[in-house]
Amino acid sequence: MSRKVYLNHDGGVDDLVSLFLLLKMKDVEVVGVGVIPADCYLEPAVSASRKIIDKFAIQDNPISVAASDSRPVNPFPKDWRMHAFTIDALPILNESGTINTEISDVPAHLDLINILNDSEEKIDLIFVGPLTDLARALEKDASIESKIGKLYWMGGTFLEKGNVEEPEHDGTAEWNAFWDPEAVKTVWESNISIELVALESTNKVPLTTDIRQEWARERSVEGLDFLGQCYAIVPPLVHFQTNSTYFLWDVLTTLTFGNNDLVSTKIVKSSVIAQGVSQGKTVLDSNGRDVNLVYDVQHDPFFEYIKLLAQ
Ligand code: AGV
Ligand code: CA
């Protein structure tokens, strides 16, 4: 029996690497992929996703890619959004010169509704960008809730410091939540069970030069070469942590779905601030809803699992 999962991502380097690793998991069927233009531009992110599916999918059932028409409340910096163009242009994805994976004929939130409604089994959701497409799907058809297994979401933090450094914000939010705070609120108001991969755990898996070196040493393995090429797009900033330091945020979220034993979790009650200078901040709140917070990760087994999947 394979586990069914739908991935919605926003085209960053670790989003596209997450797609690659998810496709390589045994006993997992990817039933659909949605792409939202948050930390990316839409066209190259959709195109790169289709090429990654063409090249790396091991399942028999075809996968289509749905483009989102969702819009930001607080847009990502352009520099970060450019990364998808580079991945889409990597020679390793362009050997054949053709793309076979199809594009869905409806926008991502409707694609998600259709796939959930057509399924007899429950489907897990992995969201590694903003929650906008899920919030819009819930607003249009709340009955889909009964078809959702768990939601694995990379977003939020209960730490004092988030990773947003923008004018008119106090820095307490995580970016995926900040991009569309109202969407987080809508999902929090649902009964979906949430596995929250927040900055608490992702801060423990920064992309170090040692990790890059290990992938480089084994670059004769095509999948590890692909990983290394993708991550070469984001600059190593090793002397001190800045707003541009790269972590394996989305990869941790995807691998948490693949193997829950890698992480430590605890249930916390939480709500979200949707307006004002702290917008996008998730807060501990005794009147809030339960979320299962992923607060720690076994560092070395996590990186071993990446290498195993990339084989
Ligand atoms: O906040 C983390 C989310 C993840 O889904 N993204 C990147 C990951 O895909 C936004 C982000 C925060 N800091 C960044 C980000 C950075 N330095 N570069 C690019 N994206
Ligand atoms: Ca992302």
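Read-outs: derived from the displayed coordinates by stated rules, not from any lab. What you see is a predicted model, and the numbers here were worked out from it, not measured in a lab. With ideal geometry, Cβ positions are generated from the backbone for all residues, glycine too; neighbour counts draw on all protein chains shown.
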Between segment 244-311 and segment 172-231, the Cα center-to-center distance that results, in Å: 9 Å
Phe257, Phe247 arranged by Cβ crowding within 10 Å, fewest neighbours leading: Phe247, Phe257
Summed over the other residues with a beta carbon less than 13 angstrom from that of Lys204, with K and R at +1 and D and E at -1, the charge totals -3
Order of Thr245, Thr209 from fewest to most other C-beta atoms within 10 Å? Thr209, Thr245
What full-extension length gain, to one decimal in nm, is calculated for Lys122 and Tyr41 as 0.36 nm per residue of separation minus the Cα-Cα distance? 26.1 nm
Counting only Cα atoms, I'd like the Rg/Rh figure for segment 88-199, Kirkwood definition for Rh. 1.06
Greater than 23 Å apart at Cα, pairs in Lys51/Lys185; Lys4/Lys24; Lys4/Lys269: Lys51/Lys185; Lys4/Lys269
Subset of Lys55/Lys150; Lys55/Lys122; Lys161/Lys281; Lys122/Lys266 violating a 18 Å alpha-carbon distance limit: Lys55/Lys150; Lys55/Lys122; Lys122/Lys266
Given a Förster radius of 45 Å and the C-beta distance between Gln59 and Asp141 as r, what FRET efficiency does 1/(1 + (r/R0)^6) yield to the nearest 0.05? 0.95
Could you check the simple spin-label distance between Lys307 and Ser96, using points 7 Å along Cα→Cβ, in nm with one decimal? 3.0 nm
Listed residue (Ala108, Ser70, Met82) projecting farthest to the positive dipole end of segment 47-125, Cβ model: Met82
Taking just the alpha-carbon atoms of segment 8-95, what radius of gyration and Dmax come out, in angstrom? 12.7, 39
Just order 37-45, 72-80 by mean Cβ neighbour count inside 10 Å, highest at the front, would you? 37-45, 72-80
How would you rank Leu252, Leu207, Leu112, going from fewest to most other Cβ atoms within 10 Å of each one's own Cβ? Leu207, Leu252, Leu112
Euclidean distance of C-alpha centroids, segment 92-135 and segment 47-90, integer Å: 10 Å
Mean separation of Cα pairs under 8 Å and 6+ residues apart, divided by the residue count of the chain: what relative contact order is that in percent? 19 percent
Can you check what the Kirkwood hydrodynamic radius comes to for segment 186-308, Cα pairs only, in Å to one decimal? 16.3 Å
Lys4's amide H: which non-local residues (gap 5+, or another chain) put their own amide H closer than 5 Å, with H modeled 1.01 Å from N in plane and none for Pro or chain starts? Glu29, Asp124
Over the Cα atoms of the chain, what is the Rg over Rh ratio if Rh follows Kirkwood? 0.93
